[in-house]
Every structure is written in C-alpha cells, then in structure tokens.
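The structure appears right after this line, and notes come after that.
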Amino acid sequence: MPAGDEPESRRVVVTGLGPVSSIGTGIAEFSASLRAGRSGAAGIRSFDPAGFPYSYAAEVPDFCAEKLLRGLDPQDWGRSSQFAAAAARLAADDAGLDTGRIAAGRFGVVMGTTSGESQVVEALTSQAVAGGGCQAFAPDALARLPAARLAHAASEELGAAGPSVTLANACSASNYAIGYGYDLLTSGEADIVAAGGADSVCRWAHAGFYRLGALSERACAPFDRDRTGILTAEGGVVLILEALGHAQSRGARIYAEVLGYGLNCDARHMVAPDAESIAGCMRAAHHNAGVTARDVDYICAHGTGTVSNDRAEADAVRQVFGEHAPPVSSIKSMLGHAMGAASGFGAVAAVLAIADGFLPPTINWDSRDPLFPWLDPVPNRARTAEVRIAQNDGFAFGGNNCITIFGAFR
C-alpha cells in the first residue's frame, strides 16, 4: 500500500457500469430493459442453426464495435475481445474517467470468460476440416485466438498499464474478476480496476448444452415449476471499481460499495451443482463482507433455469437464510446465460438495485415449484424496493462458486 494511504481510503466502490447485452448496450438502455422485463431471446444469427431442434439464443443485436471503440481497430480483434473492450469503454465513460489523466500503471483490468474467442476457434476448426489441417489456418485468425486478449483489448482501449488478467472460471468468471479487482484495490496495488467478462454465442457451446439436456427451446424460466433450461447468450460487461480515496479525490459519482466476496470449489462433479458447497460459499461471502444473512435485502440469483441448478441454489438459500430469505430473481430469464459475462451482468443488476431502488424481475415465471414454495422470484414485473445490501450469485461447472456482496455507500 502506498505510503500515507489510509485503510479507509482503500474501501472499494463502483463508479462506472458498462453492459453490452441482448437487452441493451449502455447502462441507460440496460437498466430500462431490466425494469421493463424485456427479453433478448430471438432466432440465432451468429451461425446457421439448421439441424438444431432448438434455435433460439440471446445475441447482442446489431453490435457495431466501430461505434463504441476509440482506441482499437475492431478488425484486429475477435468478437469476445470487442465485447470486452466496448464494455470497458462504456463503463469508463459512465464513470467519467479521463483516461489520459489516470496513472496508467495504477489502472488494472480483469476479465472473465468461459470460451474466450469461441468464434475464432470455430473459424479455425472449419479451415482445418475443409482440408490442409493446421497448415490451412489463417495467420490473422491465429493472432486473434488467445483468450488472454480479452483483458488485453480492454487494457489497450483504456490505456491501462496495470495488471491485465483474463480468468477462465466459466459461468462464475466475472465474479472472480470482481473479487480479483477488489483484492488489487484493497492491497494498494491499483487505484482503478475495470472488472467483468465477455463471451460470444457459438455453435459448439450451443450444441454442448443441447446434448447435456440443459437447453430451453425458446424461453428461460428460472425457478418456475416447468422450467426447461438455459438460453445461450453473449455480451460483455465491465464495472469500474475504484479505491474510495481515489474516487473521492476526483469527485466521482458512487453507485455502491463492494463489501467483499466468497469463493470455493467443491470439485465433486463436472456439471452437477452442490447445494452444500453453494451454501458454504454464501456464508464465506457474508463473513468476508462483514454482513449476516439477515442483512441481505436481495439476491441476484445464478438462476439458470435448469431443474438441477435452480433447485441447488434454492436449497442453499434455504440452508443459509432459513425462514427469512429475501427476494431472489434471475436476470437470465431476460438476457439469457452469457457464460463468462453472466455474473458480471448480475453484479450490474445488483448495483442498480441498490442505486435505483428496484428489483429486476424473473420473467417467463408461471407456476410455483412445490419443492421451494417459499421462494420469492419477483415474478414477471420489477418491484420498487429499498436495497441496502445485495448478494450476486455465480456458480460454474467444476464446482467453481463465487459470490460478490454489494452495499449502499455510506
């Protein structure tokens, strides 16, 4: 920690939000869509879905990186990296950052992902299958391939020269990124961190989830009795995290405070969630954030809409919160499952719940599941509420769990 930097000034606050999603690009459009319960589901356009029984996903419509980026040439980057950089730019602008006046070496970037540059992988695979093996690979495609380029793209776009890290913790990766950024800030290794995640819709992930029996035909209905699965989705999301002293010194607007996070890995099964481990992660997050279960006013759920995931998450909530569970809603019902960006979008929703006083709904909800009749999913319509502390759940294959806790800034 730099000399003279008091611990109080190393509290971590959120000063900027940058979503690029199927329900909106930029915080104003994204927030309005959450309030309206808008769905981003539509027929797949990223690839030819002929032959797939299910052909809906939640893609980012009419994404044009050229309109958003100021530091990068989009032609040099894959779609996921473009999402990461665009989200970083939107978040920095929302935070009012003059990146030319920020100490570049004190500005870090941490991005999460599941599949990295999945569309580049598919293009290279097609080239190899068409003939010639690896000799057929286009050099420019190979240059766009490494997943590490997601953080690199955001760093280049913002002129950040601090730590630049890409974490591949699948569907909890953005929460891991936020936790990593939180640690960089509280330890004094950085003053600002752009943290989030990015992923793109692709054929092989769509096929994989279909073969797992985890894919819904047209709509995601988390916590509903008749839920059938996820909708694959894409996008990029970044939160600007800032040491409190740094934010106050530049007169930044503060959305909320990052109180802490918890993580664990049960490693019991490659794809099956474990309620006991999830409950342990919740308790760890509460302990590290200095809160109790009774303090939590809202849970932005992982809420994938699969039978097993929703039941495990609900069971964990019951174990930790008992008779006093707060409302638990899933924004995946609206914007689909954006993989490595998913918990980052959840973090934005949790922060907006605190800053703007509303609970995003779980749309497509129709019938209460008799296995958890006590759960309040904020069905179908947003709800006005005072949210002082929000919990954002993120769980991933392999038992990689990470939960972030946000609080009203005081």
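The values are calculated or read from the model by the stated rules, or taken from the named source; none is laboratory data. Remember, predicted model here, so these are calculated numbers, not experimental data. So basically every Cβ, Gly included, is an ideal-geometry build from the backbone, and we count neighbours across all protein chains shown.
A few notes on this one:
- Across the range 318-351, the number of residues qualifying as modelled with pLDDT under 95 and under 9 Å from Cys300 (Cα atoms) comes to 0.
- Condition check for Val351: crowded, with 18+ Cβ neighbours inside 10 Å and in contact with a Leu (Cβ under 6 Å, 6 or more places away or on another chain): no
- At least 2 residues being touching a helix residue (DSSP H, G or I) at 6+ places or on another chain (Cβ under 6 Å) and of a type in the set (S, T, N, Q) is the threshold, and among the strands (runs of 3 or more DSSP E) wholly inside the range 295-410 those reaching it are 400-407.
- Matching residues, the range 318-342, being among the small types (Gly, Ala, Ser) and closer than 26 Å to Ala87 by Cα: Ser329, Ser330, Ser333, Gly336, Ala338, Gly340, Ala341, Ala342
- Residue list for the range 74-130, restricted to those being in contact with a strand residue (DSSP E or B) (Cβ under 9 Å, 6 or more places away or on another chain), closer than 30 Å to Ile44 by Cβ and among the polar types (S, T, N, Q): Ser80, Ser81, Gln82, Thr113, Thr114, Ser115, Ser118
- All of Gly213, Gly181, Gly196 fail the test of being in contact with a helix residue (DSSP H, G or I) (Cβ under 6 Å, 6 or more places away or on another chain) and in contact (Cβ under 8 Å) with a residue 12 or more places away in the chain, apart from Gly196.
- So Ser81, is it assigned by TED's automatic domain parsing to the domain that holds Arg250, over 13 Å from Ser155 (Cα atoms), surrounded by 17 or more Cβ atoms within 10 Å (Cβ to Cβ) and touching a residue at least 60 places away in the same chain (Cβ under 8 Å): no
- Residue in the range 24-37 that is at pLDDT below 95, assigned by TED's automatic domain parsing to the domain that holds Gly159 and surrounded by fewer than 22 Cβ atoms within 10 Å (Cβ to Cβ) present: no
- Counting only helices (runs of 4 or more DSSP H) that fall entirely inside the range 91-158 and contain at least 1 residues that are of a type in the set (Ser, Thr, Tyr), the qualifying elements are 118-130, 149-158.
- Some residue of the range 201-221 being among the polar types (S, T, N, Q), outside the structural domain of Ser367 (by TED's automatic domain parsing) and within 19 Å of Gly105 (Cα to Cα): no
- Scanning the range 355-402 for residues that are aromatic (Phe, Trp, Tyr), within 19 Å of the chain's Cα centre (by Cα) and under 15 Å from Pro222 (Cβ atoms) yields one hit, Phe395.
- In the range 222-254, the qualifying residues are those that are under 18 Å from Phe345 (Cβ atoms) and aliphatic (A, V, I, L, M), and the one that is nearest to the chain's Cα centre (by Cα) is Val237.
- Residue match in the range 195-208 (condition: modelled with pLDDT under 95, over 20 Å from the mean Cα position of the chain (by Cα) and either under 28 Å from Asp376 (Cβ atoms) or basic (Lys, Arg) (or both)): yes
- Where a residue in the range 152-166 is buried (at least 24 other Cβ atoms within 10 Å of the Cβ) and its partner, wherever it lies, is hydroxyl-bearing (Ser, Thr, Tyr), with Cβ under 7 Å and at least six apart: Ala153/Ser81; Ser155/Ser164; Leu158/Thr99; Thr166/Thr113
Condition check ((1) among the hydroxyl-bearing types (Ser, Thr, Tyr); (2) crowded, with 20+ Cβ neighbours inside 10 Å; (3) assigned by TED's automatic domain parsing to the domain that holds Phe63; (4) within 14 Å of Trp204 (Cβ to Cβ)) across all residues:
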site	(1), (2), (3), (4)
Ala85	no, yes, yes, no
Asp94	no, yes, yes, no
Leu97	no, yes, yes, no
Gly100	no, no, yes, no
Ala103	no, no, yes, no
Val110	no, yes, yes, no
Thr113	yes, yes, yes, no
Val120	no, yes, yes, yes
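- Any pair with Cβ under 8 angstrom, 6 or more apart, that starts in the range 365-394 at a residue that is surrounded by 18 or more Cβ atoms within 10 Å (Cβ to Cβ) and ends at one that is at pLDDT below 95: Gly394/Cys171
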